[in-house]
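Right, one structure below, let's go through it.
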Amino acid sequence: MIVTLSDVSHDYGPGPLFDSISTSISKDDKIVLIGKNGSGKSTLLKIVSGEIRPADGSVFRKSGLQIGHQKQKRIENNDEGLFKHYMTGKELLIKDSYEFYSYERRVRSILSGLGFKEPEWERKLGSFSGGELTRISLGKMLLFDYDLLLLDEPTNHLDLDSVDWLVNYLKSYKGAMVVVSHDRYLIKSVGTRFWEINSGRLWDFAGNYAIYSKERERMMKTTLRTRENLEKEIDRLSKVAERYRVWGQEKFIKQAINKERQVERLRVRLETAAAPENERSDLRLKLSANGRTGYKVLELSKLVFSYDGLPLFRGTNAILHRGEKLALLGPNGSGKTTLLRMITGELHPEGGSYTWGQNVRWSVLSQTTAELDDNSSVLEEAWKEVPEWPDYRIRGYLGRFGFELDEVFKGVSELSGGERTKLALAITILKKPNVLIMDEPTNNLDIWSIESLEQVLDQYDGAMIVVSHDREFLKNVCTRFVEIRRGKVVQLRSLEDYRGVKDSQSSEELSNCSAKASYDEIRKTRNQCRAFERRLQELDVEERETEKEIERLQQEVQDYATDYEKLEAVNAKLQLHEDHLLNILLEKEKLSEELENLESRLGRMK
């Protein structure tokens with residue numbers, strides 16, 4: 001064993017975070033640490049690393065144990081370049097060793113894997129954002145082979161490609177690790193042992209995520225059944241003792257004392273059989289769209305935008321329709337958050353336009369939760385949206401997000417990352433949007449809060465635009481997937497196509513570099529392009545005509561508002577034309593994507 005914990009307890013104030021934890025870590029363990037927000041996961045990592053001492057109990061570490069603990073480090077020199085910052089670690093290695101000579105290769109591999117493009121390697125550290133600095137800190141730690149890695153939410157601020165890279169890295173890592181993560185893709189791929197902090201106790205499960213889930217459910221049922229039986233027996237014996245005392249005879253008094261002693265022993269057992277926390281209790285809510293939007297919710301037309309002189313969007317076109325739940329994919333730096341900031345008015349495009357549809361009421365949940373006022377309390381911040389609500393109603397509402405009793409008076413600046421996300425979500429729902437814009441909504445939420453949020457969003461009948469690195473979340477919530485690729489918004493058939501598209505393009509590029517296409521292939525591809533262009537022109541005309549007819553029918557709906565029979569007939573026609581318009585738009589999107597692929601292939605053939 002490389003680390004052993006014996007009766008470890010810790011607290012921050014009135015009550016313990018966890019109590020009497022006894023466990024150990026072996027040299028090849030890949031442990032995933034799970035628990036609700038505020039259960040003490042990060043604190044337990046700090047105790048294992050030696051950064052803090054437990055309030056009670058002991059921690060034994062193997063002599064000479066090398067521990068790598070992921071945490072945000074203060075930057076010593078803001079003017080130092082990123083690549084140079086990483087290369088300073090080479091001084092710590094033994095010269096003329098394999099690690100010494102292969103160090104630069106590892107630096108390049110890790111920087112690329114974490115999504116830093118080569119032109120960024122010379123950027124000064126002071127120019128990076130907080131999220132980027134977190135990635136930099138993670139990467140520098142991964143440069144060295146530690147006996148034990150301690151990782152706290154390592155996928156935060158990573159894109160999907162970087163998450164894939166990190167998962168593969170951790171699967172092949174030779175040492176032990178303890179990972180705190182809510183990313184189900186990562187924990188299913190990496191975990192071979194699971195710890196869960198529940199009701200102040202540490203539950204320990206050997207095996208993969210499927211075994212953990214099954215054994216956890218069994219333990220939950222067993223613990224609840226044990227508590228129910230103990231409570232019933234305590235109640236029965238208490239009534240017997242009370243009855244014996246009422247009878248008053250000496251032999252019954254002795255029996256009553258005996259029963260009361262049994263009750264006390266059972267109460268001690270009941271305390272040790274702590275009630276497992278209801279993991280779905282934090283988010284008890286429903287989200288409904290406020291009013292029906294027009295068929296077109298959002299349209300981007302020839303959108304142009306650059307950042308630091310580099311073009312992000314080059315004549316981008318896209319349409320979001322009523323009820324669509326859109327996942328916006330792309331690597332870090334592709335412009336996902338920038339696009340969200342443009343459509344919400346925070347940034348202005350350099351060219352082109354974006355247009356919100358009729359009756360749209362959007363609300364945004366940003367990954368930084370910067371929209372929250374740090375000078376307010378939880379209660380004050382939520383009350384701003386519904387000042388007409390009485391005190392008991394707003395407090396009851398906040399309780400559905402885990403803010404109970406005096407917790408509503410906590411300052412926003414005192415909240416943890418998970419609590420800030422929950423408060424921002426609570427305020428977003430109070431706005432009753434019919435279009436929801438979410439940028440990394442699962443950051444800092446525990447697994448059960450994410451699953452509850454998925455259920456809420458699955459039942460939501462409004463439109464959504466979501467940016468997230470959480471594959472499971474996107475798969476469970478979104479119905480449409482697009483990728484920002486080379487300044488365009490490209491339609492994907494599914495989430496699985498996100499990597500497959502790029503992989504297939506890479507293989508095509510390699511094969512086409514080796515030989516030029518034949519004249520017949522070029523002519524055939526050109527003919528296909530022309531056919532697609534003609535069909536797109538036909539669809540443009542059909543789209544305009546259908547839109548005019550829909551506008552005319554919408555006017556008739558208003559004209560016949562009091563004539564039920566005519567109104568019913570007009571609505572039936574309106575529905576048919578709206579469905580027809582949807583089919584036109586879907587065919588246009590599919591043809592545009594195929595045309596772009598053909599034109600790209602044609603360019604490589606020449």
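The table below lists the values:
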{"item": "The listed residue being outside any helix (DSSP H, G or I) and not assigned by TED's automatic domain parsing to the domain that holds ARG322, out of THR546, THR562", "result": "THR562"}
{"item": "Test: residue in segment 195-205 that is farther than 30 Å from ASP11 by Cβ and either modelled with pLDDT of 85 or more or surrounded by 13 or more Cβ atoms within 10 Å (Cβ to Cβ) (or both)", "result": "no"}
{"item": "Subset tally (residues that are part of a helix (DSSP H, G or I) and either outside the structural domain of TYR185 (by TED's automatic domain parsing) or of a type in the set (Asp, Glu) (or both)) for segment 128-155", "result": "1"}
{"item": "Checklist (1) in contact with a Pro (Cβ under 8 Å, 6 or more places away or on another chain); (2) at pLDDT below 85; (3) on the phi < 0 side of the Ramachandran plot applied to GLY115, failing item", "result": "(3)"}
{"item": "Candidate set: segment 261-287, residues that are part of a loop (DSSP other than H, G, I, E, B) and surrounded by fewer than 15 Cβ atoms within 10 Å (Cβ to Cβ); chosen: the one modelled with the highest pLDDT", "result": "LYS286"}
{"item": "Condition broken by SER24, with the remaining ones in (1) over 27 Å from VAL190 (Cα atoms); (2) in a strand (DSSP E or B); (3) free of Cβ contacts under 8 Å to residues at least 24 places away in the same chain satisfied", "result": "(1)"}
{"item": "Boolean, GLU388 is part of a loop (DSSP other than H, G, I, E, B), loosely packed, with under 14 Cβ neighbours inside 10 Å and touching a residue at least 40 places away in the same chain (Cβ under 8 Å)", "result": "no"}
{"item": "Tabulated pairs, segment 456-468, first assigned by TED's automatic domain parsing to the domain that holds PRO331 and free of Cβ contacts under 8 Å to residues at least 24 places away in the same chain, second of a type in the set (A, V, I, L, M) and assigned to a helix (DSSP H, G or I), C-beta under 6 angstrom, 6+ apart or interchain", "result": "none"}
{"item": "Qualifying residue in segment 320-333 (condition: over 30 Å from THR155 (Cβ atoms), crowded, with 18+ Cβ neighbours inside 10 Å and assigned by TED's automatic domain parsing to the domain that holds GLY411)", "result": "yes"}
{"item": "Among the candidates ASN290, ASN317, ASN258, residue that is closer than 30 Å to PRO119 by Cβ, of a type outside the set (Asp, Glu) and either touching a helix residue (DSSP H, G or I) at 6+ places or on another chain (Cβ under 9 Å) or at pLDDT below 80 (or both)", "result": "ASN317"}
{"item": "Condition broken by GLU454, with the remaining ones in (1) part of a loop (DSSP other than H, G, I, E, B); (2) more than 17 Å from GLU371 (Cα to Cα) satisfied", "result": "(1)"}
{"item": "Residue count for segment 379-419, restricted to those that are under 27 Å from GLU153 (Cβ atoms) and among the charged types (D, E, K, R)", "result": "7"}
{"item": "Flag if VAL435 is in contact (Cβ under 8 Å) with a residue 24 or more places away in the chain, touching a helix residue (DSSP H, G or I) at 6+ places or on another chain (Cβ under 7 Å) and crowded, with 18+ Cβ neighbours inside 10 Å", "result": "no"}
{"item": "Selection count, segment 391-413, where residues are over 25 Å from the mean Cα position of the chain (by Cα) and surrounded by fewer than 15 Cβ atoms within 10 Å (Cβ to Cβ)", "result": "7"}
{"item": "Candidate set: segment 218-239, residues that are buried (at least 16 other Cβ atoms within 10 Å of the Cβ) and not hydroxyl-bearing (Ser, Thr, Tyr); chosen: the one farthest from VAL268 (Cα to Cα)", "result": "MET220"}
{"item": "Failed criterion for ASP161 (all others in (1) assigned to a helix (DSSP H, G or I); (2) in contact with a Leu (Cβ under 9 Å, 6 or more places away or on another chain) hold)", "result": "(2)"}
{"item": "Check on SER162, farther than 19 Å from LEU44 by Cβ, at pLDDT 90 or above and within 20 Å of the chain's Cα centre (by Cα)", "result": "no"}
{"item": "Pair list, Cβ under 6 Å, 6 or more apart: segment 554-580 residue closer than 20 Å to TYR295 by Cβ, other residue of a type in the set (Asp, Glu)", "result": "VAL570/GLU556; HIS577/GLU549"}
{"item": "Residue under evaluation ALA424, criteria (1) at pLDDT 85 or above; (2) out of contact with any strand residue (DSSP E or B) (no Cβ under 7 Å at 6 or more places or on another chain); (3) assigned to a helix (DSSP H, G or I), criterion not met", "result": "(2)"}
{"item": "Candidate set from segment 560-573 (those that are surrounded by 12 or more Cβ atoms within 10 Å (Cβ to Cβ) and of a type outside the set (Phe, Trp, Tyr)); member that is farthest from the chain's Cα centre (by Cα)", "result": "LYS566"}
{"item": "Contacts under 6 angstrom Cβ, first residue in segment 484-500 being surrounded by 13 or more Cβ atoms within 10 Å (Cβ to Cβ), partner of a type in the set (Asp, Glu) and modelled with pLDDT of 85 or more, 6 or more apart", "result": "VAL490/GLU483; LEU492/GLU483"}
{"item": "Residues within segment 227-245 that are closer than 16 Å to ASN258 by Cβ and not hydroxyl-bearing (Ser, Thr, Tyr), tallied", "result": "10"}
{"item": "Residue list for segment 183-198, restricted to those being in contact with a strand residue (DSSP E or B) (Cβ under 6 Å, 6 or more places away or on another chain) and closer than 16 Å to ASN476 by Cβ", "result": "ILE187"}
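Rundown of residues vs (1) within 24 Å of the chain's Cα centre (by Cα); (2) within 23 Å of LEU92 (Cα to Cα), yes/no style:
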position	(1), (2)
GLU122	no, yes
PHE128	yes, no
MET141	yes, yes
TRP203	no, no
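The values are calculated or read from the model by the stated rules, or taken from the named source; none is laboratory data. Bear in mind that the values here come from a model prediction, so they are computed numbers and not experimental data. Here Cβ is always computed from backbone atoms with ideal geometry, including for glycine, and neighbour counts include all displayed protein chains.
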